[in-house]
Structure formats: structure tokens, C-alpha cells
1. Keeping all protein chains in place, calculate the accessible area per residue for region 289-396 (probe 1.4 angstrom), answer in Å².
2. What is the gain in length, in nm to one decimal, between Gln107 and Ala299 on full extension, counting 0.36 nm per residue of separation less the C-alpha to C-alpha distance?
3. Roughly speaking, what is the stretch gain from Glu14 to Glu378, that is 0.36 nm per residue apart minus the C-alpha to C-alpha distance, in nm to one decimal?
4. Over all directions, the average projected area of the alpha-carbon convex hull for region 254-398 comes to how many nm²?
5. When all protein chains stay in place, what accessible area (Å², nearest 10, 1.4 Å probe) is found for Met182?
6. Would you report the distance distribution of C-alpha pairs in region 182-318 as whole percents per 10 angstrom bin, up to the bin with the largest distance?
7. How high is the FRET efficiency between Asp290 and Arg40 when r is their beta carbon distance and R₀ equals 22 Å, given to the nearest 0.05?
8. With the Cα gyration tensor of region 161-256 in hand, give its eigenvalues times 5 under a square root as the equivalent ellipsoid semi-axes, listed largest first in whole angstrom.
Amino acid sequence: MNPLLASLQPYPFERLKQLFAPVTPNPAYAAISLGIGEPRHATPQLVLDALSSATGALSSYPATAGLPALKEACAAWVQRRYGVRLDPAAQILPVNGTREALFAFAQTVIDPTRANATVICPNPFYQIYEGAAILAGATPYYAPSDSALNFNINWGTVSDRVWENTQLVYVCSPGNPTGAVMPMSDWEKLFRLSDRYGFVIASDECYSEIYFRDEPPLGSLEAAERCGLRDFRNLVVFTSLSKRSNVPGMRSGFVAGDAGFLKQFLLYRTYHGSAVSGMVQAASIAAWNDEVHVRENRAMYRRKFAAVTPMLSEVMDVRLPDASFYLWAAVPGGNDEVFARELLAQYNVTVLPGSYLARHAQGVNPGAGRVRMALVAETEECVEAAQRIVDFVKGRTG
Ligand SMILES: Cc1ncc(COP(=O)(O)O)c(C=O)c1O
């Protein structure tokens, strides 16, 4: 057996199951879950139609490199969204959703024979980064999100020694669970560090289309161009249709950026057998080419967050995030596990303890004392959950 498997951490939802095992939720209330961050808005009809008219693709193996027509649609979207021109053949690669790609990328780029191979992950973070680092033979270094910096990371706190050993940095912007968008000044710093130390940046941007400010979140490709980074050196971005187009079950996204890394990534993926189904590629073309459903989707999230956030902010330290579909709230009393457990027991609402999404590192667990609430259900259900949380907090403190 691969001994590295034993170093993988239990997934946050396994820990939640254990936390909730002794709890009997109050039967007076129907269950509402704000726990799992899975999109639940309807899949657009145009994607369903494109899928059902592409069944002919099932009779042949798809190529791992992807259909030129899909790569062109992705490049056209990048151009419209970020004003950045990419070469579809060399700088874009379709993937089966970003989860597998984020994992596989570490297996491609990490050289475990170099001493102290290190991968920097944000903290809190999407747990795939950590597992990817571990199974690639590297050690994760957890860079804490700082509530004083709108939950961004102070890259200046990472020591030269850590940077010297770093081969890969995962960035998540907009962030899960914080919703924070990394500003231009931080990108400048990170690109300078990458130039100096030679690490590659994997920029996870799968929440880029769900945002609450007027201006859309800054993308890393856009930031790289503004910094004059030639050919997106040492930068690969990961993006997905799952949240943008409400198709988490379709498994479709793409990676873009440094052509040298993408060439090696394609080689790795060919052996791993990670080609995207031709049917899914056809439906993905339809999805990337349409922005109407994306605007409608965003408007639904905006209405939902506008209804829920002010209710919760009366009783908790929480505010509208820059982007994503999460609220990242500080819990009164400061114990996120106790808060989640008692909330389930008294009001049958599930939230995820923030400490489960983070590690204790650099002297702190930056998720402790917070909970993540995924506003993925219909507005009415989210508002009902918010009202119960308000009653719960008032009952505890009153
Ligand atoms: C931060 C982050 N990255 C990547 C993913 C994976 O999304 P997908 O594989 O559906 O593209 C998720 C899913 O929840 C996520 O939260």
C-alpha cells in the first residue's frame, strides 16, 4: 500500500458526521443544510439540450487534449471575461472539473526527490490541495488567511526558507470558505516571489462568476498581463462550469496558462486517462458561449445574500463576501463545534465548523471560532435557516 495514503486527513464532512452522531435534531423543525457547498440552482436548459444532442460522441474515445472547438470557446470566454488573449491549442486544456485537475497538477509538477518539497496552501482551504501535496510526496505549508486583510494572506509572513523549498502554491480566489478576492497588489507580490524562487502557481478560480460587487473578481491571467508576465510563466489557472452554470454533476472545467506546464500536464493526463467525454465537451461549448444564464444565476445569489446577510449580521460577525456562495461567520461564544452541534440539536440547521476547513499551523487555526454557511438552497429555505440561527443566538445570549 502507498504509505502516503495514511497521511490523508479525514474530509470535513466525515468529521461533521462524527460531531453530529450523538445529536438528535429537534423534530419540530424540518432539516435545513447549509453544510455542503454544492450548487443547487437548476441546470440551464441549453446545457441539457446540448448534452442530449451530443450522444453520438459516446461511440468513440475522446482525446485527452480536448476538442479544438471547446478550447476555442474557452479562449473566447477568457477574452470576454478578462480581456486576455490565449492560444487555444497550447494554453488551454479541458478537465473533468477542477477537483481532479487541482489534484493531478501536483502529481505532474512536484519533484519529490528535491529536499523538503513544499506546497503552500491557503488556510482555511479546499482540502484537495492538501491531499494533492501529500500524495505527490510534498509537505503542505499552511498560509493563514488574515481577517484584518479581508481574509487574504499576508505573503510577507512566509519565510525565505519556506519559499526556497516551495515548488507549488495553491491560490483560491474567490476563496472557499472566505469568499475573499485576492487584490492586484498581492498578485504582484506573488509573481515576484515566483520569479525569484521558481515555484508554479495553481490559481483556483472556480467561484469567479458568483460575486456581489459591481466589478467582477480579478483573475490571475488578467493580473499576470498587467504585471507584464510573459506567456503566463509559472501560472496555471483552474476554472469550472460547476458553479458558473450549475452543472456539478457534469464534471467540466478547463485549465489555462503556461504552455510548458500544460504540455507536461497533458502527458500526465494521457496516462492517467483523464479525457473529458465528447458529450460533456459539446455541452460545455454551449455553456461557455452563453452568459445569460450566468447573469441570472448571479442575480439569484445576490437576492439570496441580500435577504440573509443583514438578518445574520444582527447576531453574528458576518458580512457580504466579495464573491462565492458562502458566508464565513464568527460564532458568538467562539467555539465553532459547540455552535454547530447545538444549532443542529435545537433548530435542525447544519453549518460547517470553520476549524474543520483549516489546520492548526503557525500557532493558529484560522478557521476556529467561525462557521461556513453555503447559501445554495432556495432563498426561502435560506431565510428560514437564517431566522432559526437568529433565534438560536438570541436564545443562547438572552
Ligand atoms: C475551492 C474549490 N475548488 C474546486 C472545487 C471543485 O469543483 P469542480 O471539481 O466541480 O470544478 C470546489 C468544489 O466545491 C471548490 O470549492
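1. Details: 4040 Å² over 108 residues.
Per-residue accessible area for region 289-396 comes out at 37 Å².
2. Working: separation 192, 0.36 × 192 = 69.12 nm, distance 3.77 nm.
Computed gain between Gln107 and Ala299 is 65.3 nm.
3. Details: separation 364, 0.36 × 364 = 131.04 nm, distance 2.52 nm.
Length difference between fully extended and current span is 128.5 nm.
4. Working: hull surface 50.9 nm².
That works out to 12.7 nm².
5. 10
6. The distribution over region 182-318 is 10, 31, 32, 21, 6, 0, given as percents.
7. Numbers: r = 20 Å, r/R0 = 0.91.
Calculated transfer efficiency: 0.65.
8. Values: eigenvalues 116, 45, 31 Å².
Equivalent-ellipsoid dimensions as semi-axes: 24, 15, 12 Å.
The values are calculated or read from the model by the stated rules, or taken from the named source; none is laboratory data. Note that the coordinates shown come from a computational prediction; the quantities given were computed from them, not determined experimentally. Ideal geometry is used to build each Cβ from the backbone, glycine not excepted, and the neighbour counts take in all protein chains shown. Heavy atoms of the whole protein, side chains included, go into the accessibility calculation; ligands, DNA and RNA do not. Shrake-Rupley method; radii C 1.70, N 1.55, O 1.52, S 1.80 Å.
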